[in-house]
Amino acid sequence: MGDAAYQWDFQVIWDYRDVFARAIGLTLSLAALTILFGMVLGLVLSLLRMSPLKVVRWPATAWVELLRAVPPLVLVVWIYYCLPILLGLSMPAFQTAVLALSLYSSAFFAEIFRAGLQSIDRGLVEAASSVGMTRSQALRRVVLPLASQRMLPPLVSQCVLVVKNTALAGYIAVADILYQGQQISVQTFRPLEVLTTVAVIFLVLIVPMTMGANVIESHIRRKYYR
Amino acid sequence: MEPLLAIEGLHKSFGLIEVLKGISLQVQRREVMGFIGASGSGKSTLLRCINMLEVPEAGSIRLAGELVGFRDTPRGRRLLPPRELSRQRRRMAMVFQQFNLWPHRTALENVIEGPIVVQGIAPAKAREMGEALLRKVGLEDRVHAYPSRLSGGQQQRVAIARALALQPEIILFDEPTSALDPELVGEVLKVIRDLADEGMTMIIVTHEMGFAHEVCDRIVFLADGRIQDMGPPAHIFGAEAGPRTREFTRRYLDRHQIITGAAHG
Ligand SMILES: Nc1ncnc2c1ncn2[C@@H]1O[C@H](COP(=O)(O)OP(=O)(O)OP(=O)(O)O)[C@@H](O)[C@H]1O
Ligand SMILES: [Mg+2]
């Protein structure tokens, strides 16, 4: 550090543009699948956690707390090495990463869904019943629209974390952006340029997500909540 | 004549606390009945049982002779399936203390949501009806406003229009003006008074003693989960009322006099 004479050379990045392009595609598909499975599993977990039955609620709660406590890297590596030993089931690295990151994020999605659904004023649901709506009509027409407005900001934050967490897949040799970046920097001795590029790529992927969410959120607030 | 609403021996507990300890009363068609009583005496619970927002443990509620919420089978009394419950609820509209308008729907949409979703009425026809109802409650210029842009009094009038959209046989009001600033109470009471004049059957839980005295045909005084007194306003506010009733109403009258006295003094 402190060496002001460092000569930046981004030519190497350009030479490796195809590798970066493939890595971006892989990171995006890893993130998309993780968000998809994480949300579906999270929705199921949140419904189980709100069940009136203790025997259903309690295991779901324990499962969510467990997943939230384990560091995601541990989960990725553990599933990669232990699943084959425990179940005799060996999965390719990419599928393992999708599984581990989906499980991990599902716990957080579950908490977002639960908080969102429980934040809806009971009186609004009673008003729906009083005009004759059944439970499922009240869910579709009142609870879900209002809850999704409220859940949008935390859901987007969670999606951003999923995109960032894809970098952990590199530990089991999934060729994501960070993993490929490290390979390239070893080959070219240009770690600073490579890491800068990786940072910029993540920025370009993530900033539109949060900006889009902010635009939608302020639109909702202006329209419905003055 | 058969009463519109007949309640027999109604019991309701929350956990170990018995809130309603055997309530029996009848409401005739075109009658306006007031429920008064101290906070926690079970007024809301009684109203919510009528509309099956709470399920009573014992007793019966009949609407024009039809058992509400349950059906008698050879193996005992069974809760009605959701569709049947929905049909019965639409015959009894509810107006809540906190308005409970859906914030993501405009005034008009709040009014016509039920008819469109539940009854499957064509949107164009429903809009026409909704606009007419909003005109009736004096909100023809606020049709497309979201609830957050309406004053409390305007929100409660939308809620009354939403209740009317069900074309109910009876409207149940749970302290419709308690959440309002004093200067907004009048506009809501006026709408309710107009409905009374049109012959709408209503039950009104209220702390507005003056209004109850003026509008109700009969008033029920609840305390300790029982009906302590029931009769026309002249009886409830008169000298023949029971001692607990007199004590309760006197407290309100005292407070009223203190306020008006202070204003004059
Ligand atoms: N869902 C519930 N669970 C447990 N207790 C309840 C529930 N709803 C009401 N209660 C209790 O039942 C009693 C009667 O409540 P209720 O709301 O019917 O009184 P109220 O006469 O409407 O009072 P207020 O004038 O304050 O509105 C109170 O002691 C209250 O705490
Ligand atoms: Mg009450």
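The values are calculated or read from the model by the stated rules, or taken from the named source; none is laboratory data. Quantities reported herein were computed from a predicted structural model and do not represent experimental measurements. Ideal geometry is used to build each Cβ from the backbone, glycine not excepted, and the neighbour counts take in all protein chains shown. For the accessible areas, the whole protein counts, side chains as well, though only heavy atoms, and no ligand, DNA or RNA atoms are used. Shrake-Rupley method; radii C 1.70, N 1.55, O 1.52, S 1.80 Å.
Compute, for the range B:51-157, the length of the dipole vector about the Cα centre, with Cβ point charges of +1 (Lys, Arg) and -1 (Asp, Glu) only. Units Debye, rounded to 20.
So the dipole magnitude of the range B:51-157 works out to roughly 260 debye.
Give me the percent of accessible area attributable to carbon and sulfur for the range B:101-167, probe 1.4 angstrom.
In the range B:101-167, the share of accessible area belonging to carbon and sulfur is 47 percent.
Provide the net charge surrounding residue B:195, with neighbours chosen by a C-beta distance below 12 Å and charges set as Lys +1, Arg +1, Asp -1, Glu -1.
+2
If you average 1/r over all unlike Cα pairs in the range A:11-224 and invert the result, what Kirkwood radius do you get in angstrom?
Working: mean 1/r = 0.0516 Å⁻¹.
Taking every pair of different Cα atoms in the range A:11-224, averaging 1/r and inverting gives 19.4 Å.
Would you mind working out the accessible area per residue for the protein assembly as shown, using a 1.4 Å probe, and quoting it in Å²?
About 49 Å² of surface per residue is accessible.
Quick one: Debye curve from the C-alpha atoms of the range A:33-79, no solvent, what's log10 I(q)/I(0) at q = 0.21 Å⁻¹?
The Cα Debye sum returns log10 ratios of -0.79.
Taking the mean number of other Cβ atoms within 10 Å as a proxy for protection, how do you rank A:84-93, A:201-210, B:40-49 from highest to lowest?
Descending mean neighbour count gives B:40-49, A:201-210, A:84-93.
Give the shape of the protein assembly as shown as rounded, prolate or oblate, defined through the alpha-carbon gyration tensor: a ≥ b ≥ c are the square roots of its eigenvalues, a/c under 1.5 means rounded, and otherwise the shape is prolate if a/b is larger than b/c and oblate if not.
Here the protein assembly as shown falls in the prolate category.
I need the P(r) histogram for chain B: all alpha carbon pairs, bin width 10 Å from 0 out to the longest distance, whole percents.
Final binned percentages: 7, 28, 34, 23, 8, 1, 0.
In chain A, what percent of the accessible surface is made up of carbon and sulfur (1.4 Å probe, ligands and nucleic acids excluded)?
Roughly 68 percent of what the probe reaches on chain A is carbon or sulfur.
Using the Cα centre of the range B:172-254 as origin and beta-carbon charges of +1 (Lys, Arg) and -1 (Asp, Glu), tell me which of B:235, B:210, B:186 is placed farthest towards the positive end of the dipole.
Going by the Cα projections, it comes out as B:235.
For the protein assembly as shown, with only Lys/Arg (+1) and Asp/Glu (-1) charged at the beta-carbon, what is the dipole magnitude about the Cα centre, in debye rounded to 20?
840 debye
Where Lys and Arg each count +1 and Asp and Glu each count -1, what net charge lies around residue B:211 among other residues with Cβ under 11 Å from its Cβ?
Here the charged neighbours net out to 0.
Chains A and B: buried accessible surface, both sides, probe 1.4 Å, rounded to 100 Å²?
On the way: alone 13500 and 12970 Å², together 24240 Å².
Between A and B, the summed buried area is about 2200 Å².
Dipole of the range A:11-224, Cα-centred, from +1 at each Lys and Arg C-beta and -1 at each Asp and Glu C-beta, to the nearest 20 debye? Can you show the working numbers first?
Details: 17 positive and 9 negative charges, 168 e Å.
Once rounded to the nearest 20, the dipole reads 800 debye.
Pop a pseudo-label 7 angstrom from the Cα along the beta-carbon direction at both residue A:182 and residue A:161 and give the gap in nm to one decimal.
2.3 nm
Less than 11 Å Cβ to Cβ from residue B:137, Lys/Arg counted +1 and Asp/Glu -1: what total charge do the surrounding residues give?
Taking every Cβ under 11 Å from that of residue B:137, the sum is +3.
Please state the relative contact order of chain B as a whole percent: Cα pairs under 8 Å, 6+ residues apart?
24 percent
Peptide A:131-142: average number of partner chain Cβ atoms within 10 Å per residue?
Partner Cβ neighbours, averaged per residue: 6.
At 222 nm, what helix-only mean residue ellipticity would chain A give, in deg cm²/dmol to the nearest 500, using -39500 (n - 2.57) for each DSSP H run of four or more?
Helices in chain A give a 222 nm mean residue ellipticity of -26500 deg cm²/dmol.
Counting only pairs 8 or more residues apart or on different chains, how many lysine pairs in the protein assembly as shown have their Cα atoms under 14 Å apart?
Lysine pairs, 8 or more places apart or on different chains, close enough: 4.
Quote the relative contact order of the range A:11-224 in percent (integer), defining contacts as alpha-carbon pairs under 8 Å separated by 6+ residues.
Relative CO of the range A:11-224 lands at 28 percent.
How well do other chains shield peptide B:92-104, expressed as the mean number of their Cβ atoms within 10 Å of each residue Cβ?
Average per residue, whole number: 5.
Quick check on chain B: helices-only [θ] at 222 nm, where DSSP H runs of length 4 and up contribute -39,500 (n - 2.57) each and the sum goes over total residues. Nearest 500, please.
For chain B, the value works out to -12000 deg cm²/dmol.
Using only Cα atoms, find the angle between the long axis of helix A:93-118 and the longest principal axis of chain A, and express it within 0 to 90 degrees, rounded to the nearest 10.
Helix A:93-118 sits at roughly 30 degrees to that axis.
Mind running the shape call on the range B:101-167? Use the C-alpha gyration tensor, a ≥ b ≥ c as the square roots of the eigenvalues: rounded below 1.5 for a/c, prolate if a/b tops b/c, oblate otherwise.
Since a/c reaches 1.5 and a/b is larger than b/c, the shape of the range B:101-167 is classed as prolate.
Mind listing the Cα extents of the range A:21-133 along all three principal axes, in Å, largest one first?
Principal-axis extents of the range A:21-133 (Cα, largest first): 54, 38, 21 Å.
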